[in-house]
Amino acid sequence: MTSQEQVARLLAMVPYLRANPGVGVATAAEAFGITRKQLVADLNVLWMCGLPGGLPDDLIEIDMDAATGEGIIHLSNADYLSRPMRFTADEAVSLLVALQAVAEMTTGPSRAAARSAAEKLSQVTGQQDLIWLSVSTGDDRVRETLAAAIAGHQRVRLTYDGAARGRTTYPEVDPAEIQMRDSIAYLQAWSLERQDWRTYRLDRIVDVVLLEQRGEDHGAAPELPDGWFDNSDGEVTVDLVAEASWVVDYYPARGVVRNPDGSTSVRFAVAEPAWLDALLLRLGDQVLTVTPTGAGEAAAAAARETIERTEILFGAS
Amino acid sequence: MAARKTERLVNLTILLLSSRRYVPRAKIRETVEAYRDLSDENFNRTFERDKDDLRAMGIPVETGSNERFFDDEPGYRIVRTDFELPPCEFTGEEAMVLGLAATVWQQASVADQTRQALAKLRAAGVDPDPSRLRALAPRLSVREAAFDPLREAMIERQTVRFTYKGGQQRTVQPWRLVLRNSNSYLLAFDCDRQAPRIFKLSRIAGAVSRFGPPDSFVPPDNEALGDYAEQLSIKSDFDVVLAIRSERAPALRRRGELEHSPIELPSGFEAYRVRLNQNNAVAEIASYGPDVIVLEPAELRAAVLAHLRGVLAVHGEARELSETGEQR
């Protein structure tokens, strides 16, 4: 911790403690995101501060016995610090993006509140949205129904356009939480078919139907992992021509090696064989080789079938 | 030591904030206890550094003189209205979403900023309590190393220089950062090409160096920026007609409209008119394999077939029959 950080915190802490007389040490520590020990250390510094002059009456008064004993803070004699400092530009910009995230995730009054709060912040700080966030949240109505189902502990049937298998499914789930990770929103829900937690992308949920049954309590929904989902055992290595090196930006690569000849070797985790087939079909002859040998056979079979099907309809070209 | 410095900086702030008039250096030295015992040289150095620290924190330390016509020693003050957060009232609902907003950022560099901002709001009497929104967990983190330096430079309106796509050195004025589809982009004015450009943060290699003074450019207004971002993004403007097997290829089906097929289709297939991006159409259609057949235009159909023969050339030489694939 630098002195600057501590000074900034103390300058906010004085008006906070004035506005919340008798607040608990634990509550105050949580509000400032610090440990109780650090909070008491902060109070010990504040206790030495005040309108300089050196006379005892000039200093900020804190009942340190109550703070360390009962865990309750009383602060007085600090009228000159009645309001917090203005926001720095970085604070304002960071909070404005976070409000965009909340607005994108919510509907109705909460969304309106996120927008109006952002507007007030802009006015007070003179900052605007320098970071633009666009979240794939899917349909408002879907999100609204899911939020209601979560609040009412209701079971639902989703119409889900699964990407990995490239087809629409209709899973019955107990929805638990709507999470957003890096500009994509997901539903965490208990899948009755799998008897396990499953993650669904909100923008692929086409419809939600509330079912008669109440959902069961499956405990807390798991947090989404940081970064790419990677819970599969399967792995392939795909060697790509130089022009296809963009692939690593869009697909969950476990490892990337740039070869001296300009080609790229990318290791992918493969949870669904159909996912790999779709990738190989998409990349066509930009793929040089796939390891293990034979991993591309299903894609080849699919290519062959597509060609045959097209030729049946339109004649051989 | 750190505690003593904090104490000195807080006391200096309180002194300059409490005085309406400029406080002369001598008076500051005499009043703030920690300065009193320092030698002249030591005091000057410490005081200069302290002033810089306060200004770096955004505390507006003003320099000036109380006597307009006398060249006396400069004094210092902090004007209360420049220092204090202006009055702001938030409704209960707004306080609630602010509480949730404070939990959004995951990476420490930005999370610290939102936490400090929330602490200030609490100090202004706002009580952010997100507990009613507990079914929501929006989390945001940006993995690319270029994000922090670009964000800071953008806020300061400073020109930056970085290496793009492993080679080219680019000099740009950062206008906006755009987070979309798990990717991060920079919308900026490219000083070498004298035109707006979009850069993908994951393709910025190595350090981002800032140069030139802050406030060295003024970005266009939001409407113009929105137009640039729109122009530079991928557009779907290529009309095609596809036969899609029912329940399959949902990403294409949902975007399209059912259409009467110009020819008789195999059972289970229906014709859709879909708008795609011309550059991606072939690869996207090919990725669905036999679930999607191009009906129109004929050139696209030929291009997809050629693409699929490429797949066969890479993966299909070893075996003539497709049985092996179906065993999987």
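Separation between the B:LEU258 and B:SER131 pseudo-spin-labels, each 7 Å from Cα along Cα→Cβ, expressed in nm?
5.0
Can you tell me which of A:THR291, A:THR169, A:THR159 moves the most in a GNM of chain A? Springs connect C-alpha atoms under 10 Å apart.
Comparing A:THR291, A:THR169, A:THR159 in a Gaussian network model of chain A, the most mobile one is A:THR291.
Considering every residue in B:11-17, what mean count of other chain Cβ atoms within 10 Å of its Cβ is obtained?
For this peptide, the per-residue mean of nearby foreign Cβ atoms is 5.
At 222 nm, what value in deg cm²/dmol follows for chain A if DSSP H runs of at least 4 each add -39500 (n - 2.57) and the sum is divided by all its residues, to the nearest 500?
On the way: 10 runs with 121 residues, N = 317.
Estimated from H runs of four or more residues: -12000 deg cm²/dmol.
At 1.4 Å probe radius, can you tell me the per residue accessible area of the stretch A:234-313 in Å²?
On the way: 3390 Å² over 80 residues.
Computed with neighbouring chains in place, this is 42 Å² per residue.
Quantify how strongly other chains surround peptide B:140-149 by giving the mean number of their Cβ atoms within 10 Å of each of its Cβ atoms.
Working: counts 12, 4, 3, 3, 0, 0, 0, 1, 0, 0.
Mean partner-chain Cβ count within 10 Å for B:140-149: 2.
Would you mind counting up the charge near B:GLY256? Only other residues with Cβ under 11 Å from its Cβ, with Lys and Arg at +1 and Asp and Glu at -1.
Residues near B:GLY256 contribute +1 overall.
In nanometres, what is the gap between the two model label sites at B:ALA298 and B:ASP82, each 7 Å from Cα along Cα-to-Cβ?
Result for the modelled spin labels: 7.5 nm.
Compute the Rg/Rh shape ratio of the stretch B:155-294: radius of gyration over Kirkwood radius, all on alpha-carbon atoms. Could the numbers behind the result be given before it?
Details: Rg = 21.2 Å, Rh = 18.1 Å.
Checking Rg against Rh, the ratio lands at 1.17.
Enumerate the whole-percent occupancy of each 10 Å bin, from 0 to the last occupied one, for all C-alpha pair distances of the stretch B:56-145.
14, 30, 25, 15, 10, 5, 1
Give, in whole angstrom and from largest to smallest, the semi-axes √(5λ) of the equivalent ellipsoid of the stretch A:140-214, with λ running over the eigenvalues of the Cα gyration tensor. List each step's numbers first, then the result.
Working: eigenvalues 57, 42, 27 Å².
Value: 17, 15, 12 Å, ordered largest first.
Over the Cα atoms of the stretch B:1-153, what radius of gyration and what Dmax do you get, in Å?
Cα radius of gyration and Dmax of the stretch B:1-153 are 20.4, 65 Å respectively.
Looking at the stretch A:234-313, I'd like the Rg to Rh ratio, where Rg is from alpha-carbon atoms and Rh is Kirkwood's inverse mean 1/r.
1.01
Sorting check: for B:210-219, B:83-92, A:71-80, which peptide has the highest mean count of neighbouring beta carbons within 10 Å, and how do the rest follow? Spell out each step's value before the answer.
Values: B:210-219: 12.5, B:83-92: 14.8, A:71-80: 16.4.
The peptides rank, most packed first, as A:71-80, B:83-92, B:210-219.
With a 1.4 Å probe and all protein chains left in place, how much of the accessible area of the stretch B:147-232 comes from carbon and sulfur atoms, in whole percent? Kindly include the intermediate steps, with their values, before the conclusion.
Numbers: 1690 of 3930 Å².
Reported share for carbon and sulfur atoms: 43 percent.
Using all C-alpha to C-alpha distances in the stretch B:1-46, build P(r) with 5 Å bins and read off the rounded percent in each one.
4, 22, 32, 25, 13, 3, 0
Using only alpha carbons, build the gyration tensor for the protein assembly as shown and give me the equivalent ellipsoid semi-axes, biggest first, whole Å.
Those come to 58, 29, 21 Å.
Between the stretch A:101-176 and the stretch B:205-272, what is the separation of their alpha carbon centroids in Å?
Between the Cα centres of the stretch A:101-176 and the stretch B:205-272 lies a distance of 21 Å.
How shielded is A:150-161 by partner chains, expressed as the average number of their Cβ atoms within 10 Å of its Cβ atoms?
Across A:150-161, the average partner-chain Cβ count within 10 Å equals 1.
Counting pairs of Cα atoms in the stretch B:90-215, how many percent are more than 22 Å apart?
Values: 3634 of 7875 pairs.
Here the long-distance tail beyond 22 Å is 46 percent of all Cα pairs in the stretch B:90-215.
Checking the table A:LYS37/B:LYS51; B:LYS5/B:LYS27; A:LYS37/B:LYS120 against a 26 Å threshold on Cα-Cα, which pairs fail?
Details: A:LYS37/B:LYS51 29 Å; B:LYS5/B:LYS27 19 Å; A:LYS37/B:LYS120 21 Å.
Long pairs (Cα-Cα over 26 Å): A:LYS37/B:LYS51.
How much accessible area is lost when chains B and A come together, counting both sides, with a 1.4 Å probe, in Å² rounded to the nearest 100?
10700
Can you give me the three principal axis dimensions of the stretch B:2-83 from its C-alpha atoms, in Å, biggest first?
Principal axes ranked by extent give 39, 29, 18 Å for the Cα atoms.
Would you report the distance distribution of C-alpha pairs in the stretch A:162-317 as whole percents per 5 angstrom bin, up to the bin with the largest distance?
Result returned by the calculation: 2, 7, 14, 16, 15, 13, 12, 9, 6, 3, 1, 0, 0.
Over 11 Å apart: what share of the alpha carbon pairs of the stretch B:92-133 falls there, rounded to a whole percent?
Values: 520 of 861 pairs.
More than 11 Å apart: 60 percent of the Cα pairs in the stretch B:92-133.
Hey, could you grab the Kirkwood Rh for the stretch A:86-152? Inverse mean 1/r over distinct alpha carbon pairs, Å, one decimal.
Mean inverse Cα-Cα distance, inverted, gives 12.8 Å.
Could you work out what % of the accessible surface of the stretch A:140-214 is carbon and sulfur, using a 1.4 angstrom probe and leaving DNA, RNA and ligands out of the count?
Here carbon and sulfur together make up 43 percent of the probe-accessible area.
Return the equivalent ellipsoid semi-axes of chain B as a descending list in whole Å, where each equals the square root of 5 times an eigenvalue of the C-alpha gyration tensor.
Each semi-axis is √(5λ); the values are 62, 24, 19 Å.
In the stretch A:244-277, which residues have a backbone nitrogen under 15 Å from the label point lying 7 Å from A:SER191's Cα in the Cα-to-Cβ direction?
Label zone hits: A:271-275.
If you roll a 1.4 angstrom probe over the protein chains with everything in place, what fraction of the accessible area of the stretch A:234-313 belongs to carbon and sulfur, to the nearest %?
Reported share for carbon and sulfur atoms: 53 percent.
Please compute the modelled spin-label separation between B:ARG210 and A:SER134, points set 7 Å along Cα→Cβ, answer in nm with one decimal.
Here the answer is 2.8 nm between the modelled labels.
How high is the FRET efficiency between A:SER122 and A:LEU211 when r is their beta carbon distance and R₀ equals 41 Å, given to the nearest 0.05?
0.45
Could you give the accessible area per residue of the stretch B:2-83, probe 1.4 Å, as a whole number in Å²?
On the way: 4600 Å² over 82 residues.
Ligands and nucleic acids excluded, the figure is 56 Å² per residue.
The values are calculated or read from the model by the stated rules, or taken from the named source; none is laboratory data. Please read these numbers as outputs of a predicted model, since none were measured by experiment. Note that we place each Cβ from the backbone using ideal geometry, even for glycine, and neighbour counts take in every protein chain shown. Side chains are part of the model used for accessible areas, which takes the heavy atoms of the whole protein and leaves out ligands, DNA and RNA. Shrake-Rupley method; radii C 1.70, N 1.55, O 1.52, S 1.80 Å.
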